[in-house]
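The values are calculated or read from the model by the stated rules, or taken from the named source; none is laboratory data. Just so we're clear, the structure is a prediction, and the values are computed from it rather than from any experiment. Neighbour counts run over all protein chains shown; Cβ positions are idealised from the backbone, glycine included. The accessibility values were calculated without ligands, DNA or RNA, using every heavy atom of the protein model including side chains. Shrake-Rupley method; radii C 1.70, N 1.55, O 1.52, S 1.80 Å.
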Amino acid sequence: MAVWNDYNWLFWEPANEPLTESPSKYRKISLCTTCMNRLHDLKETLPKNIEDNKKYPNLEFMILDYNSTDGLEEWIKNNMMDHIETGRVVYCRTQEPKYFEMGHSRNVAFKLASGNIINNVDADNFTNEGFADILNKMAEIRPRKTLFCKGKRGMHGRIGFFKDEFLSLGGYDEDLVGYGFDDHNLVYRAMGSGFKMMWWGGQYYDRIKTPRKEVTTNMEHKSWRDTEKINKKITFEKIENKEWVVNKDKHWGKATVARNFNNEFKI
């Protein structure tokens, strides 16, 4: 069974590659949030994350409403239209899913995002001040084959890529089921493909703590322990075979969506 030490993973060492204070440009960054019936969290996190990243000029918050039934669409209309008009917030909605699918939902959001850099921010996550700026500075010293990540072990969904490189990996593995190990699967595949992890630590991570028993509320499979075991098995079988690219024989990240309350289109 593959483990972290089985491969010569590449990790950023700040002492050897310090961040520049004056990056050459402001790369377009998309902070992507998928949300199914998590309005109670998004009400707290999204306004604060917008405020905490207001100094970064080339940024969008991509919100994917994954068929929520808790009033998310109405809340966006009532509270985010000014940001939608400026392009700071992009709101997309799909009415197809019956259950929340971790990998598929993120694949859809990342495909819809317009940024050169795409980074997941769960609905219960706070970025803290200056997160977009730190991503841009990391991209300055590592402009290709880059994985932006919270840490070397605890990722908590806070993973980012250059968009074209995420697409080249086939995105999140849609063979996985339910909750558990989807982030590790993607990280293993990226690192196995020669990516370097640019890890930014806990300074830019805070969250509303969701009890473990609630994480599968909107999912078809309710036992996260069972699905995590299944997903680990799938992951390690593919890693042993060096299957770094997934979803090869399927239309992955497939969805019908409406952007900013306009007509639906397919991706």
The correct ranking of S168, S223, S30 by accessible area at 1.4 Å, largest first, is S168, S223, S30
So, with points 7 Å from each Cα along the Cβ direction, the E74-S168 label distance in nm works out to 4.6 nm
Averaging 1/r across every pair of distinct alpha carbons in segment 136-242 and inverting yields a Kirkwood hydrodynamic radius, in angstrom, of 15.0 Å
Comparing G154, G178, G192 in a Gaussian network model of the chain (Cα, 10 Å), the one with the largest mean-square fluctuation is G154
Checking E240, E220, E228 against a Gaussian network model of the chain (alpha-carbon springs below 10 Å), the top fluctuating residue turns out to be E240
Expected max-MSF residue from N79, N185, N53 in the GNM of the chain (alpha carbon, under 10 Å) is N79
For segment 44-102 the chymotrypsin sites (Phe, Trp or Tyr not before Pro) that pass both the DSSP coil test and the at-most-16 other-Cβ-within-10 Å test are Y99
Distance in nm between E21 and K48 label points, each 7 Å along Cα→Cβ, equals 2.9 nm
Once the in-chain neighbours fewer than 8 apart are removed, the lysines whose Cα is under 24 Å from K25 read K54, K55, K111, K137, K145, K150, K163, K196
Carbon/sulfur accessible area of the chain, % of total, 1.4 Å probe, equals 47 percent
Row for segment 1-153, column shape: gyration tensor on C-alpha, a ≥ b ≥ c, rounded if a/c < 1.5 i.e. under 1.5, prolate if a/b over b/c, else oblate; value oblate
Taking alpha-carbon centroids only, segment 7-25 lies from segment 111-160 a number of Å equal to 14 Å
